[in-house]
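Notes to accompany the following structure.
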Amino acid sequence: MIRAAIIVFLVAALATAMLAITGEPGHASVVWLGWRADMTAAAFVLITLFVALSAMMAWRLLLWAAEAPRRAERARAETRRRQANEVLTRGFVAAAAGDGAEARRLALKAADLADEAPGLVRVLAAQAAEAAGDAAAAQAAYTAMLGLPDMRLAGRKGLMQLALNQGDRASATAHAEKAYAEPRTARWAWRAVLEARLEAGDWDGARDLTRGALDRKIVSPLVADRARAALLAASAAQLEGEADPRRRAQAQEYAAEAAKLQPGFAPGVVMAARLLSLDGKPGRAAQVLESAWKVGPHPALWLAYRDLKTDETPRQRGERLRRLALLNPAARESRILLVEQALIAGDAPGALEAVKALEGEPVTARIAGLFARAAFAAGQPDEARVWLARGVSAPQEPDWSDLDPEGRAFAYQPQDWARLVVSFAESGELIHPRHERRERTMSELPELPISYADSAPFLATHEARPAPYDIADGVYDDEEEPPPPAPRGGERRPSGRRRLASAPRVAK
């Protein structure tokens with residue numbers, strides 16, 4: 001305001017000076033209390049402006065002096081606020097560092113300084129008590145938060161975590177459910193309630209919970225679809241073995257819906273294909289598997305696809321698998337499947353050519369076994385043994401561990417399904433419980449003869465047949481060949497023909 005008055009004064013003074021310079025100063029007379037003053041109009045204007053400006057400045061000085069106590073109070077409050085912020089910051093840092101004693105001291109100090117932030121003081125008090133290992137004080141602090149609407153969620157979360165630390169899962173679940181029932185809730189409350197229902201095997205309740213979380217916009221549609229697909233597959237796995245046809249039909253419906261929601265969720269897709277095939281719908285099962293292969297190839301998918309038909313020749317089966325691989329040719333599993341289909345079709349040169357596409361892959365037991373089978377089929381037993389030796393110490397593949405020794409895919413326990421639902425919902429990735437437990441899987445390495453066989457007899461027999469063993473059947477005859485006739489005197493007995501002793505069982 002003072003700046004504006006000074007500007008007005010300067011403008012008026014300039015205008016008056018210009019009038020005086022032009023020779024038209026004007027005339028003014030002032031009579032006050034018997035006194036008379038004659039002057040030019042320009043001088044009168046300047047005097048008037050000067051007096052007004054002086055009066056205004058005096059008034060502002062008087063107001064400044066009157067507001068001095070209030071300014072001092074505001075300065076003290078600002079200083080107190082800065083000190084409170086500093087104490088709160090140091091207290092939270094001490095609590096995060098685990099220095100419980102320092103955090104509690106600073107929390108008490110903050111309680112005296114931070115009058116304007118009682119919520120932060122309570123949070124610091126609770127975290128300081130936790131850092132100091134005082135569960136009772138922490139519980140009291142978190143309970144006090146429940147009285148503030150804006151801090152109710154934080155209090156529930158703290159009480160839930162304390163209950164979990166004490167092993168009281170019932171109380172923890174109760175706090176999570178109350179937090180989820182709040183009008184303004186959080187994602188952690190939904191996940192805690194979901195995990196509790198999954199632990200109890202309540203798949204239907206977990207689906208209802210996911211649907212409600214989507215309606216309330218707690219989770220995104222993608223997370224909700226993943227969770228529902230995994231939960232439907234878990235429900236189908238639970239009902240699949242029931243004797244009641246209606247419950248088995250319900251399992252098929254659940255699995256088909258899971259495959260539709262998430263084609264890349266291999267457990268649901270394989271289960272849907274299996275149930276559809278058993279229901280006499282192999283065509284629809286093939287469509288489900290083909291759609292899944294385009295999104296996320298998995299070894300269980302092509303094994304299920306292979307077993308959809310049993311009345312075809314090895315060449316027909318190999319051609320059908322080749323078409324499946326070409327639906328997603330850039331995928332690693334598709335390159336592996338091209339080798340498998342060549343072996344199944346008895347095309348040893350084709351298998352040897354297809355396996356070259358895997359030379360840049362890290363060597364796993366499965367890859368080594370594939371190279372060994374291709375080399376043996378192509379008449380290179382020594383090369384096959386080299387790959388077999390490398391495969392013995394090579395790591396296993398997590399995806400392959402999803403198949404048990406009988407070839408059953410995703411034969412999980414309820415607790416495995418519970419973990420899978422949470423993991424797939426939030427990350428879109430599969431877990432591999434059998435791999436974590438180091439359980440036995442389908443054979444990855446072929447069984448070669450222990451001793452080396454002469455090359456000439458092997459190659460002679462290899463000329464007469466396309467492959468050293470029947471790959472199409474997937475299993476091998478355990479009957480031994482009849483022993484050769486005893487050699488006559490001085491005649492050397494030729495070495496017997498070697499074969500692979502076993503192969504992966506048919507997936508069920």
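The values are calculated or read from the model by the stated rules, or taken from the named source; none is laboratory data. If you're wondering where the values come from, they're calculated on a predicted model, not measured in any experiment. Quick reminder, even Gly has a Cβ in these numbers, built from the backbone with ideal geometry, and neighbours come from all protein chains shown. SASA here: full protein model, heavy atoms, side chains in, ligands and nucleic acids out. Shrake-Rupley method; radii C 1.70, N 1.55, O 1.52, S 1.80 Å.
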*With a sphere of radius 12 Å drawn around the Cβ of Val87, what net charge do the other residues whose Cβ falls strictly inside it have (Lys, Arg +1; Asp, Glu -1)?*
+3
_Within the accessible area of the stretch 119-181 (1.4 Å probe), percent carbon and sulfur_ = 53 percent
_Under-5 Å amide H pairs with Gly26, H placed in peptide plane, nonlocal only_ = Ala41
*Once both labels are modelled 7 Å past Cα along the beta-carbon direction, what's the Glu406-Gln250 spacing in nm?*
2.4 nm
*Taking the Cβ-Cβ separation of Asp279 and Glu439 as r and a Förster radius of 30 Å, what is the calculated FRET efficiency to the nearest 0.05?*
0.50
*Where the centroid of each part is defined by its Cα atoms, how far is the stretch 264-292 from the stretch 191-263 in Å?*
18 Å
_Please list log₁₀ I(q)/I(0) at q = 0.20 Å⁻¹ for the stretch 381-442, using the Debye equation with identical point scatterers on the alpha-carbon positions._
-0.80
*Roughly how compact is the stretch 47-162, stated as its Cα Rg over 2.2 N^0.38 Å to two decimals?*
1.70
*Note the full-extension length gain between Ala170 and Leu33 as 0.36 nm times their separation in residues minus their Cα-Cα distance, in nm to one decimal.*
39.9 nm
_Whole-number Å³ per residue for the convex hull built on Cα positions in the stretch 62-106_ = 42 Å³
*Bin by bin, in steps of 5 Å, what percent of the Cα pairs in the stretch 199-253 do you find, going until the bin that has the longest distance?*
4, 22, 23, 20, 16, 9, 4, 1
*Within the set of other residues whose C-beta is less than 13 Å from the C-beta of Lys294, count the net charge using Lys and Arg as +1 and Asp and Glu as -1.*
-1
*Whenever you get a sec, compute what percent of the accessible area on the stretch 261-398 sits on carbon and sulfur atoms (1.4 Å probe).*
53 percent
*For the stretch 286-399, report the accessible area per residue in Å² (1.4 Å probe, heavy atoms, rounded to an integer).*
41 Å²
